[in-house]
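Below: one structure, written as structure tokens.
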Amino acid sequence: MGKQGGDSSSLINAEGLRHDGRKLDELRPVKIQVGILKNADGSAFIQFGKNKIMAGVYGPKEVHPKHNALPDRGLLRCRYHMSPFSTDERKNPAPSRREIEISKVIREALQPSLMLEDYPRTAIDVYVEILQSDGGSRCASICAASVALADAGINMRDLVVACAAGKVAGQVVLDVDDTEDKEGQADLPIAIMPSTNEVTLLQLDGQLNPEEFGRGFNWALEGCRKVYQLQREALIGRYFGEGEMREAVQ
Amino acid sequence: MPEVKRRYVIPGEVVARGNVRADLNVVRVGDKIVATRVGMAEVGHDTARVVPLSGPYIPRIDDLVVGKIVDYSAFAWEGDINSCFFGILPAASVFGRDYSPAKDSLTDKLKVGDMIAARIIAFDRTRDPLLSISGPGLGRIPKGYAVKISPAKVPRLIGKKGSMIKSIEVGTHCRMLIGQNGVVIIVGATEDAQKAAAAVNLVEQEAHSADLIEKVQSMLGLTVAQKEEFNGEEKPTPEASQTPAENSESLEQAETIYNEEEEADEP
């Protein structure tokens, strides 16, 4: 799907501000809550701009059907689903090709961080439900799913955090929303494990020259580090209380 | 006593560096010891570990667990032990060496839905945990109320030298059996059992509080004399939080009640 340039004046004005008033390298407001679902082993709710996304983790648990079980490690299964009311036009509840692709992408982004060899012959199911979508939902989903996995007590080498850069009206920007995604020229979502700086997701939809790619990638890295702090605060606040959270964060 | 440094960590954070032994819930990455769970990191003189606050029950050999029979085959029962693995209880261990599916029926001893107190006698990466109900205090649990808590909070529920569980038993006139898998059996009158269940839930929710035992004792209305008998419960020490076997005195006392119950029930 080729990306078309939109009306540049509406996307980035003369002062260099985007249509929602953000600067080129500014993230949307992000809020993360942990332990929202009573019935899930781990859960998280993220608001990434206007995106509202719920992640639930079940497991480790027995694999059904049993012949799918791996003898030496756990099986990670991810499902990304957009609710019919998540977009302005009703979304058909059946899994679309895009949802199947994003489910795979989320699984591959989370897998390197999990110590699945500690859970042989079991399955860990991650469900991500998009309640309201506004662009960049795969990145927000990865952030929520990683926090939910930590909430579930799964052994992890590190959290995974994701953020997207893009190109809008000929300029590289950070954290593309739905309007910019539809009318922009490129979308570059990345996911990293922040402690080791290992990249677990790197996709590009559109065209960027090497210089634009480098700038977008570095901005997305900075965006990831900011979101990682929020992930950390959410987890520490959930388990150790607000007072301890402030102390721990300092 | 060597100083133990503590702080809150999330997965991926560096707990210690250098020549320190990696203990529970940490992994060595080069010269760094990195946490793998959310919890309290404890770095001593030569070891580093993380005490987690949540997570599934992973069976360990010699653990006492409370399980529920969910299925059976010709040669074994399958039990739900609140873990990602089902426990296997071989029929031969219950009937004896001369067990034969032709002449013995598994449902004569245990039916689907029965609760059992069992010990894990074998578990490794290649197979499901093997259970045994041969031993003092093990076997079918004839009556009681079951409460589930996070397995990570079991040491806190037992308390230092069993102080927490004793407080709840005395305050509610109930008897309790705590499985390492987070399943708690409460035996007593209905109202007392409900009080005990509320106390257990309070312990689970407030496990991080330093004055938890005082809160529980106040909730149960213990007298001053009773409180003094059980006080001395401090914030969970590394020993209390990671070696619950050392606090098993109350567990053994609780285990014997089921032997007495079963003997009374037998014709």
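We did not get these values from a lab; they are worked out from the coordinates using the rules stated. The shown structure was predicted, so the numbers you read here are calculated from the model rather than taken from an experiment. Note that we place each Cβ from the backbone using ideal geometry, even for glycine, and neighbour counts take in every protein chain shown.
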Query raised in the report: Regarding chain A, what are the three Cα extents along the principal axes, ordered largest first, in Å?
Result: 56, 45, 35
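Which of the trypsin sites (Lys or Arg not before Pro) found in region B:127-232 are in a DSSP loop and have at most 15 neighbouring Cβ atoms, other than their own, within 10 Å? Before the final figure, lay out the partial values.
Working: sites: B:R127, B:R140, B:K143, B:K148, B:K153, B:R156, B:K160, B:K161, B:K166, B:R175, B:K195, B:K215, B:K227; in loops: B:K143.
Listed in order of number, the matching sites are B:K143.
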Query raised in the report: What translational D, rounded to a whole number of µm²/s, comes out for region B:64-141 from Stokes-Einstein when the hydrodynamic radius is the Kirkwood one over Cα pairs, at 37 °C and 0.692 mPa s?
Result: 264 µm²/s
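List the pairs from A:K104/A:K226; B:K160/B:K215; A:K23/A:K50 whose alpha-carbon separation is above 23 Å, in the order I gave them.
Details: A:K104/A:K226 25 Å; B:K160/B:K215 16 Å; A:K23/A:K50 17 Å.
A:K104/A:K226, as the Cα separations exceed 23 Å there.
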**Report entry** Calculated from backbone phi, Karplus (6.51, -1.76, 1.60) coupling profile of region B:183-189 in Hz, x at Gly/Pro
**Finding:** 9, 10, 9, 10, 10, x, 5
Report summary line: Looking only at lysines whose Cα falls under 18 Å of A:K38's and that sit 8 or more positions away or on another chain, we get A:K61, B:K148, B:K153
Query raised in the report: So for the pair A:Q132, B:S93, with labels modelled 7 Å out along Cα→Cβ, what separation do we get in nm?
Result: 5.4 nm
Report summary line: region B:5-52, convex hull of Cα, quarter of hull surface, nm² -> 2.5 nm²
Query raised in the report: lysines within cross-link reach of B:K5: Cα-Cα under 20 Å, excluding same-chain residues under 8 positions apart?
Result: B:K32, B:K235
Query - Residue (of A:I124, A:P189, A:P29) at the positive-pole extreme of region A:25-242, dipole from beta-carbon charges - result: A:I124
Requested in this report: Can you figure out the FRET efficiency of A:K31 with B:K111, using R₀ = 60 Å and their beta-carbon distance, to the nearest 0.05?
Outcome: 0.75
Requested in this report: Once you have all Cα-Cα distances for region A:173-225, histogram them in 10 Å bins from zero and send the whole-percent values.
Outcome: 24, 55, 20, 1
Query raised in the report: If you average 1/r over every pair of different alpha-carbon atoms in the protein assembly as shown and take one over that average, what Kirkwood value in Å do you get?
Result: 25.3 Å
**Report entry** Electrostatic dipole magnitude of region A:65-220 [Cβ: Lys, Arg +1; Asp, Glu -1; Cα centre; debye, to 20]
**Finding:** 680 debye
**Report entry** region A:68-145 - Debye-derived log10 I(q)/I(0), Cα point model, q = 0.18, 0.19, 0.24, 0.26 Å⁻¹
**Finding:** -0.73, -0.79, -1.08, -1.20
Query raised in the report: Evaluated at 4 °C with a viscosity of 1.567 mPa s, what Stokes-Einstein diffusion coefficient in µm²/s does region B:1-81 have when Rh comes from the Kirkwood expression over alpha-carbon pairs?
Result: 88 µm²/s
Query raised in the report: Put a dot 7 Å past each Cα toward the Cβ at A:N218 and A:K38; how far apart are the dots in nm?
Result: 5.0 nm
Report summary line: So, with points 7 Å from each Cα along the Cβ direction, the A:S10-A:Q111 label distance in nm works out to 4.1 nm
Query raised in the report: Using 1/(1 + (r/R0)^6) with R0 = 41 angstrom and r between the beta carbons of A:L24 and B:I121, what's the FRET efficiency to the nearest 0.05?
Result: 0.05
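Per residue Cα convex hull volume for region A:153-192, in cubic angstrom? Could you put the intermediate results ahead of the total?
Values: hull volume 2.8 nm³, N = 40.
It comes to 70 Å³ per residue, whole-number rounded.
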Report summary line: Once Lys and Arg are counted +1 and Asp and Glu -1 for all other residues with Cβ under 14 Å from that of A:S141, the total becomes +1
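What number comes out for the charge environment of B:G67, summing +1 per Lys or Arg and -1 per Asp or Glu over other residues with Cβ under 13 Å away?
Numbers: positive: B:K68, B:R119, B:R140, B:K148; negative: B:D63, B:D71, B:E78, B:D80, B:D114, B:D128.
Charge balance near B:G67 sits at -2.
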Query - Net charge dipole size for region B:5-52 [Lys, Arg +1 and Asp, Glu -1 on Cβ; Debye, nearest 20] - result: 60 debye
Query - Interatomic Cα distance distribution for region A:102-250, bins of 5 angstrom, percent - result: 2, 9, 18, 19, 19, 14, 10, 6, 3, 0
